[in-house]
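I am attaching a structure below and will ask some questions about it afterwards.
The values are calculated or read from the model by the stated rules, or taken from the named source; none is laboratory data. Every value quoted in this text rests on a predicted model; they were computed, and no experiment measured them. Here the Cβ is made from the backbone with ideal geometry for all residues, glycine too, and neighbour counts use every protein chain on show.
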Amino acid sequence: MTDPTIDQPITRKPDFSATHLRKRYRAEARFKFYGVAAIFAALAMLAILLGSIISTGSSAFTQTEIALDIKLDAAKIDPDGTRDPESLARANYRTIVRDAMRAQFPEVSGRRDLRKLYKLVSTGSDFTLRQIVEADPALIGTTQTIWFKSSADLDQLNKGAIPRDVPEGDRRVNDAQITWFDALSDDGRTRRSFNTTFFTSGDSREPEQAGVWGAVVGTMLTLFVTLVLSFPIGVMSAVYLEEFAPKNRWTDLIEVNINNLAAVPSIVFGLLGLAVFLNFFGLPRSAPLVGGLVLALMTLPTVIIAGRAALQSVPPSIREAALGVGASPLQTVSHHVLPLAMPGILTGTIIGMARALGETAPLLMIGMVAFIVDIPRGFTDAATVLPVQVFLWADAPERAFVERTSAAIMVLLAFLILMNLAAVLLRRKFERRW
Amino acid sequence: MNTIILIIVLLGLTTFAYRYGRRKALTSVEGRVANLHSLPSYHGAYVALWCGLPALIVVALWLILQTDLVERMVLSGISDGISGMTKGQISLLLSDIRNLATGDITSRTPSPMVQAAAAHYVELQRLGFMLMTGAAVILTSGGLYFGLKAIQPTLRARPQVERIVRWLLLIASVIAILTTIGIILSLMFESIRFFGQVNPIEFLFGLTWSPQTALRADQVGGSGAFGAVPVFAGTLLITVIAMIVAVPIGLMAAIYMAEYASPTTRSLVKPALEILAGIPTVVYGFFAALTIGPLFRGAGESIGLSVASESALAAGLVMGVMIIPFVSSLSDDVINAVPQSLRDGSYALGATQSETIRQVILPASLHGIVGAILLAVSRAIGETMIVVMAAGLSANLTANPLEAVTTVTVQIVTLLVGDQEFDSAKTLAAFALGLVLFLVTLALNVVALRVVRKYREEYD
Amino acid sequence: MTEAIYVEGTVRPDEESVTGMSEAIETDTTETETAPFPTKVKANNVDAFYAEKQALFGVSLDVPENQVTALIGPSGCGKSTFLRCINRMNDTIPICRVTGDITIDEQDIYDPAIDVVQLRARVGMVFQKPNPFPKSIYENVAYGPRIHGMAQGKADIDDLVESSLQRAGLWNEVKDRLGESGTSLSGGQQQRLCIARAIAVNPDVILMDEPCSALDPIATARIEELMDELRQNYTIVIVTHSMQQAARVSQRTAFFHLGYLVESGATEMIFTNPEDTRTQDYITGRFG
């Protein structure tokens, strides 16, 4: 120790001057502010997102209706008087509805004006009328006040989504239609009622007749296939990897592979489904079966990873105790370890299913993006799912589909919330610390 | 539908086999279980496996192979009629036959040949189903017979059942590997076909992307151009914008939550951020297309800038919001893994909290954060719905975020959605893009996981 | 240093080892016990709570300047909690609450006007487990001076880093590899690096929380020697679970038990002639 500095005490002192300290505390406050600002920015985005969806979507749950006095003339509906269901089905209900409208506005004449007038009500009105008559043939020969869905454009006008103060050419309803509609309103012949069609029917080109039920059924069929495949396979491979696999390179490979598979973009699974399931195995396009298969492959890594984590959290003492009383390794796992790990596995599976529920891109690849009116009845019927329905409606040009898209998103989010809630409750109920 | 009924019947038989085998084992020792080598339930499982497993395997294989076989036979039945047809025409014809056979609407009025072929198709399918049912019934009853015959008190049912179960477990865990192999093979196979038509050098380095191939030979711009650089550049641009949004916000949010927030704040904000992660991407896409895109366009117009309504900025911003929770939760884990002793060391020197975070904690967790960002980048590159709905279709080679650009995933979707013939370069290009996408994200993930693992080892 | 190497758990409740220890103290303290030392840190009636649980009960203790004061006692007795009160490290634990007065140079450190940042610059701390930052050796030492604005240019910092490492007795071992990571050093070197890091900001008081418990005997001996050198310029408070270490390095000793300060005084007094039976029992090894 020849260096002279050793014996000189350090004389330099920290800078305790107010200016230096103030500078440091300002930096501190600034940094903290950045953190708060970041969280606020993220939460604000969430609020704006949900707010804009709810504010545009909630109006879709009601539908404007127009009351018309329908003269159910027996000569027009059932000239033979047999009340035979087939002849009832064949009757021309459209003219009956149109006659009623002409009777409501006798001053309207001319083909063009009449066509505008007829457009006040939904093109599905004749079908509505037919159903009413078929349900109760005794109505024939009477005059009934019946509520019909208004056309989507008038519905939008009524909800204020189409402004009245813009030039006539810039809006989808013209001045004459507005006048008629207002006249009907003054007469008490318009109302807004709950839009049951939205929850009970399939897709349609006409917004007022379009609903999410077809997509909901398609979603359920698809997710059923996904669950039936990914849950058992996922649990089995988690059990194998965690409890039985020898620790060697082969097992390492499977493990690395699963971790990477979990991060593969979902659209790549769609390409896999297209190339393998559709083109190689020739399975039907647009089918929930194929959608479920693709989503199952996509969800599998999530289930396996969650399953392994749950199995890992079961303490080794339980296994030792079971093995110690002479249970075979498989009995140990199936009687003791797996039941204890089950809540964790189920939670992971629900989260995986929730992600599969929100997935769109791979399903586009396998053709679940077609326009499908019918409610699917089986796993090989053409179907669509909720997120794809959102995608399809988002592309539709009609103003009325905007609110329906948002409403479909609300339905989708409701399903997601339910599933996540189930996962949270499951975790709460069975949470166990060893 | 019939197949499902068949499978249900098979499963029912298997359940029956289980109960019967169990009962038989019990009666064979007159109820004294101790005299059995294995528990009665293992005898039951033994019989059930004999009964159900071979039949289910055969049914599965049959279902996989039957369609192909039937179609070949149908085509060979009408080989006179289709000689001289191109591959595309044959596949079109085949889909007509298939549609007619399943009772769907066909694209045109079926010719007598197609009608005959469809009848043939239906006939063969019915035959195939009957054969399959026959095979399944024979295998089930044979299995049941053998299984039951083997039952006796000394039967080593447990080891045998356990061996089979272990094999089933192994097979289940191999499915993940098969998936990867399936992805690689299907992408490779179609990509190789694509590169047979388009030079890989042109694909990777060409500057013009316009995949519309001609329907007629005399059409203008018919050949199509497959230089993917504008597509890659667009992907990069949107990813960079997303990262500019997500990394600072996600990282700062994570820092605040890990270092400053009270437990109450944490327990409220964390789930809220997780909601952001749970929202389906199609919702973000709709939000970007309906709200953010027009908003930016309007804002741009009001200050005299021309902003495309499908600007890279809008798509990137919304994608960034989607990725915020991803970055924040990964970074949160990483920051929490930094040992408390380092914080103590810094505070004991008189450092303020922000000095400690910036100069000790962040450098200490740098590896983990880099890993998290790499994973986020990989997520952004592979994200599809937001860009499909909010980014453009035309491949502009530009760095201007206010213009519309297109991405790899958008191109894959546009090239493959709708009717397409499977041989055209246009369709195959989607698979080549898919291969690039897969390889890039795979590389990012491998590197990120390795970096993160190394980081974890540092503080364990 | 006569007892450079010690083995844990060798204290036996017999007369011999205690007298042997007192001999060691005598050789150690003869030269320093000459001048009276003014009080540097003064604790008066300090209580500390972790949430509802009280960890310190009315502790009052004077710590003299330029002396080593050892805090001993069985684990969980509150000695570390007390140590962490002196530089307000307990502030970093949200559930911890401290009442009573602690003054340094007659200034109340729990006064709201006092800035913790300033306080901690004046009161350095060395921890049980060496905790060098995952930065270079140079940056580890330069960190404190930088945040406290102690130097204008790089030459100043270089100077401070060198003299701090010199004083911590580490300079000769690391002068050729200042750019290497602090975590690449051995455990003993890491702990001396942490000491260098603490003295680089030139504190008045250095707190040491069992600084040798994670080290091997040879590294422990180096640190103990170092403490004796540092005493000339700093006031040192050390928490230790090793009574031999307390006997070797300290001039004053305070014995804590169940959150109470049982007894404090000159080290030789505590070890040879304790007033309280609990102290007696502890140092003779009846419990602990």
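Select from the stretch B:285-309 the residues that are within 13 Å of chain A (Cβ to nearest Cβ) and surrounded by fewer than 24 Cβ atoms within 10 Å (Cβ to Cβ) and list them in ascending order.
Listed by number, the residues that qualify are B:Ala289, B:Leu290, B:Thr291, B:Ile292, B:Pro294, B:Leu295.
Another question, then. Within the stretch C:106-118, take every residue that is facing chain B (nearest Cβ under 8 Å) and surrounded by fewer than 22 Cβ atoms within 10 Å (Cβ to Cβ) and give me the one that is nearest to A:Lys13 (Cα to Cα).
C:Gln118
If only one of C:Gln280, C:Gln191, C:Gln245 is part of a helix (DSSP H, G or I), under 16 Å from C:Gly124 (Cβ atoms) and away from chain A (no Cβ under 14 Å), which one is it? Steps first, please.
Values: C:Gln280 fails: under 16 Å from C:Gly124 (Cβ atoms); C:Gln245 fails: under 16 Å from C:Gly124 (Cβ atoms).
That would be C:Gln191, the only listed residue that is part of a helix (DSSP H, G or I), under 16 Å from C:Gly124 (Cβ atoms) and away from chain A (no Cβ under 14 Å).
Next up: Within the set of pairs 6 or more residues apart or between chains, which connect a residue that is on the phi > 0 side of the Ramachandran plot and in contact (Cβ under 8 Å) with a residue 60 or more places away in the chain inside the stretch A:341-367 to a residue that is basic (Lys, Arg) and assigned to a loop (DSSP other than H, G, I, E, B) with Cβ atoms less than 8 Å apart?
If the second residue must be basic (Lys, Arg) and assigned to a loop (DSSP other than H, G, I, E, B), the pairs left are A:Gly367/A:Arg285.
Let me ask you something else. Read through the list (1) surrounded by 23 or more Cβ atoms within 10 Å (Cβ to Cβ); (2) more than 30 Å from A:Arg171 (Cβ to Cβ); (3) small (Gly, Ala, Ser); (4) within 10 Å of chain B (Cβ to nearest Cβ), then give the number of the only condition that A:Ala382 fails.
(1)
Related question: Answer with yes or no whether C:Gly100 is in a strand (DSSP E or B) and within 21 Å of B:Ala351 (Cβ to Cβ).
Answer is no for this residue.
Another question, then. Evaluate the stretch C:72-92: report whether one residue or more is over 27 Å from C:Gln245 (Cα atoms), touching a Leu at 6+ places or on another chain (Cβ under 6 Å) and part of a helix (DSSP H, G or I).
no
Give me a count of the residues in the stretch B:387-409 that are of a type in the set (A, V, I, L, M, F, W, C) and outside any loop (DSSP other than H, G, I, E, B).
Matching residues across the stretch B:387-409 total 5.
Further question on the same structure: Would you call A:Ala356 out of contact with any Gly (no Cβ under 8 Å at 6 or more places or on another chain), within 26 Å of A:Met419 (Cα to Cα) and part of a helix (DSSP H, G or I)?
For A:Ala356, the condition - out of contact with any Gly (no Cβ under 8 Å at 6 or more places or on another chain), within 26 Å of A:Met419 (Cα to Cα) and part of a helix (DSSP H, G or I) - is met.
For the stretch C:44-66, how many residues meet the condition of being over 16 Å from the mean Cα position of the chain (by Cα) and either at pLDDT 95 or above or in a strand (DSSP E or B) (or both)?
15
Loosely packed, with under 15 Cβ neighbours inside 10 Å and either touching a Cys at 6+ places or on another chain (Cβ under 6 Å) or within 25 Å of B:Gly368 (Cα to Cα) (or both): does that describe B:Thr239?
The answer is no for B:Thr239.
Which of the residues spanning the stretch B:323-360 are in contact (Cβ under 8 Å) with a residue 40 or more places away in the chain, more than 11 Å from chain A (Cβ to nearest Cβ) and within 24 Å of C:Ile206 (Cβ to Cβ)?
Passing the criteria: only B:Pro339.
Restricting to helices (runs of 4 or more DSSP H) lying wholly in the stretch A:201-283: which have 1 or more residues that are touching a residue at least 60 places away in the same chain (Cβ under 8 Å), among the charged types (D, E, K, R) and within 12 Å of chain B (Cβ to nearest Cβ)?
none
Shifting gears a bit: Taking the options B:Leu124, B:Leu131, B:Leu178, name whichever one is at pLDDT 90 or above and assigned to a helix (DSSP H, G or I).
Checking each option against the conditions leaves just B:Leu178.
Return the pairs, sorted by first residue and then second, in which the second residue is in a loop (DSSP other than H, G, I, E, B) and of a type in the set (Lys, Arg), the first residue lies in the stretch C:126-155 and is more than 8 Å from every other protein chain (Cβ to nearest Cβ), the beta carbons are less than 8 Å apart, and the residues are 6+ apart or on different chains.
Close Cβ pairs (under 8 Å, with a partner that is in a loop (DSSP other than H, G, I, E, B) and of a type in the set (Lys, Arg)) amount to C:Ile137/C:Arg177.
Of the residues B:Ala17, B:Ala34, which single one is in contact (Cβ under 8 Å) with a residue 60 or more places away in the chain, part of a helix (DSSP H, G or I) and under 24 Å from A:Ser328 (Cα atoms)?
Testing whether each residue is in contact (Cβ under 8 Å) with a residue 60 or more places away in the chain, part of a helix (DSSP H, G or I) and under 24 Å from A:Ser328 (Cα atoms) leaves just B:Ala17.
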